[in-house]
Amino acid sequence: MIELLTGLLSYTFVVRALIVGVLVSLCAALLGVSLVLKRYSMIGDGLSHVGFGALALAMALNLSPLEVAIPVVAVAAFVLLRISENSRIKGDAAIALISSSSLAIGVMIISYTSGMNADTSNYMFGSILAMSKSDVILSVAVSIVVIVLYVLFYNKIFAVTFDESFTRATGTNASRYNTLIALLTAMTIVVGMRMMGALLISSLIIFPALTSMRLFKTFKQVVISSAILSVICFVVGIVLSFIFSFPTGASVVVINLLMFSVFSAIGLFKKKR
Amino acid sequence: MKLISCEGVTIGYDGQRAVNKVSFDLEQGDYLCIVGENGSGKSTLVKGLLGLIKPQEGSITFNGIAPNEIGYLPQQTVIQRDFPASVGEVVISGCLNRRGLLPFYSRAEKDRAADKMKQLSITEIQKKSYRDLSGGQQQRVLLARALCATEKLLLLDEPVSGLDPVMTADLYQLVAELNQTRGITVLMVSHDLESALEYGNKILHMKTETAFFGSTADYLKTELCQRMMGAKL
């Protein structure tokens, strides 16, 4: 076991993937609690598809992928949030529309420029090899920003998640914090997308929160448990991915699913007693 | 002293007027009940008072109270019913407007939250999860949160919907007590006309426009009230 781990850590790409992955898992889990509770889970999915389109575009134009994707996805986050707040347009339909359109445009761009190949598959399902050195630096910076902002605004994020009307009525600018949550989500998704894959990154947001809610009953417990679970699932997933050369994203999701089942079972058992 | 005066307030959505030229005054210490049928504009008026929607016409003047000093008890949302949060976490979130941009709660806010929980006798359940509470206990928790935000005015939007008769009576008693002993002004939107007449000292009957505004005693004499009571009986 130890041999395996030291072997793993001797590869730079594994170390990079671990650093970025752990930070992204942490960010995604923190934000996920609010997104799941606010019934915004689909926004994560929508944003990752927009991210895929943006990455394809960046590749075609020979630009740095993260620098293109972050602003594009941030704008998309803003738009999706506005759509969800506006009850006249059905939010879920609009998200589905935007996400499948971006995916389609992304695929078109890729097949026009480089053709559908292993790269495309990596984009969709994640690859452990995805991170370059500059990507790592940018990812670490973004993750630290997300975590610091989340901790600083923790109480406000709780209030806005629990009861937006009350928070608004007592003079807190709830829209500002909704926007903050969406922007932080956008950044997290872009950074984690290439390792986890565009189709699977949203699970990183949804799973830890849902799993924790099976067992824990206060917001703080749920947040802390999600953060820990998310990191554990990621590390186990990436080790699996390395040993059996599974795609990283898929391995992490499967581990998350496993944890979800375990927590659900314990939750049911506790309720029955 | 007039805490809030509304003059000719008109609020509408999509070109339709949900609230049409409504005027009323809320005096300090009042227990004002807003009654009316579904779709009569009660909830819209509440949103206007809270500053969630801007009135198209007319003015809402606050006197001796800031617009953000309204202790609002909203209708429960679907999200809240299975929300993982402890009672303590919910109550202290009422102190948020005292913090401004400062990130964490200080001793003062923690003491304030503890004090309000004691007042509403929910101290014993402060570690419990909000979603495991009964409807009546949940309303107490939200009331404690509202009191953390302000001690001037409570605005309750259909507070007893979904509560059983015992809890309903209990909540009315509690609000009446806060109104009488602590001098907290109460504004309640209600379907329950009988309790409105029993506890409120003033009635605003809405039918998009003001159908009646005045003291409860005067309201009892109106044909409008008798028709409403007749419909109930």
Find, among the trypsin sites (Lys or Arg not before Pro) in segment B:138-233, those assigned to loop by DSSP (not H, G, I, E, B) with at most 13 other beta-carbon atoms within 10 angstrom.
B:Arg182
Partner shielding of A:169-182, as the mean number of partner chain Cβ atoms within 10 Å, equals 4
The simple spin-label model distance between B:Arg99 and A:Ser111, using points 7 Å out along Cα→Cβ, in nm, is 5.1
By DSSP, what percent of the beta bridges with both residues in the protein assembly as shown are antiparallel, rounded to the nearest 5?
55
Starting at 0 and stepping by 10 Å, how many percent of the alpha carbon pairs of segment A:2-267 end up in each bin?
7, 31, 36, 20, 5, 0
Counting Lys and Arg as +1 and Asp and Glu as -1 over every other residue whose Cβ sits under 12 Å from the Cβ of B:Ile79, the net charge comes to +1
What residues from segment A:186-226 fall in the zone where the backbone N is under 14 Å from a label point 7 Å along the Cα-to-C-beta line of A:Ser64?
A:191
Computed over the Cα atoms of the protein assembly as shown, what is the ratio Rg over Rh, Rh following Kirkwood?
1.06
In whole percent, what relative contact order does chain B give with Cα contacts below 8 Å and a gap of six or more residues?
28
Which FRET efficiency value, to the nearest 0.05, is calculated for A:Ser264 and A:Arg39 with the Förster distance at 30 angstrom and r the Cβ-Cβ distance?
0.90
Dividing the mean separation of Cα pairs under 8 Å (6+ apart) by the residue count of chain A yields a relative contact order in percent of 31
When N is the residue count of segment A:65-200, what does its C-alpha Rg come to as a fraction of 2.2 N^0.38 Å?
1.21
Histogram of C-alpha separations across segment A:17-119, 5 Å bin width, %:
2, 12, 18, 21, 19, 15, 9, 3, 0
Segment A:180-273 shape via C-alpha gyration tensor axes, a/c threshold 1.5
oblate
Please list the helices of chain A that count as membrane-span-like by this rule: a mean Kyte-Doolittle hydropathy of at least -0.5 together with Cα atoms stretching 20 Å or more along the helix axis, each helix being a complete DSSP H run.
A:12-37, A:41-60, A:65-85, A:91-113, A:133-152, A:174-196, A:201-215, A:219-244, A:248-272
Taking all pairs of distinct alpha-carbon atoms in chain B, Kirkwood radius in angstrom
18.4
Run through segment A:1-78 and list the trypsin sites (Lys or Arg not before Pro) located in a DSSP loop whose Cβ has at most 15 other Cβ atoms within 10 Å.
A:Arg39
DSSP-loop chymotrypsin sites (Phe, Trp or Tyr not before Pro) across segment B:9-102, with at most 14 other Cβ within 10 angstrom
none
If one compares the long axis through the Cα atoms of helix B:165-181 with the longest principal axis of the Cα atoms of chain B, the angle in degrees, nearest 10, works out at 90
In segment B:143-177, the residues losing 10 Å² or more of accessible area (1.4 Å probe, heavy atoms of protein chains only) relative to their chain alone are B:Arg145, B:Ala149
Using only Cα atoms, figure out Rg for segment B:78-149 and give it as a multiple of 2.2 N^0.38 Å.
1.04
Greater than 18 Å apart at Cα, pairs in B:Lys21/B:Lys42; A:Lys38/A:Lys217; A:Lys156/B:Lys118; A:Lys38/A:Lys220; B:Lys21/B:Lys54:
A:Lys156/B:Lys118
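The values are calculated or read from the model by the stated rules, or taken from the named source; none is laboratory data. Quick caveat: nothing in here was measured; it's all calculated off a predicted structure. In this analysis, Cβ positions are derived from the backbone assuming ideal geometry, glycine residues included, and neighbour counts consider all displayed protein chains. When the accessible area is computed, the model is the full protein with side chains, heavy atoms only, and any ligands, DNA or RNA have been set aside. Shrake-Rupley method; radii C 1.70, N 1.55, O 1.52, S 1.80 Å.
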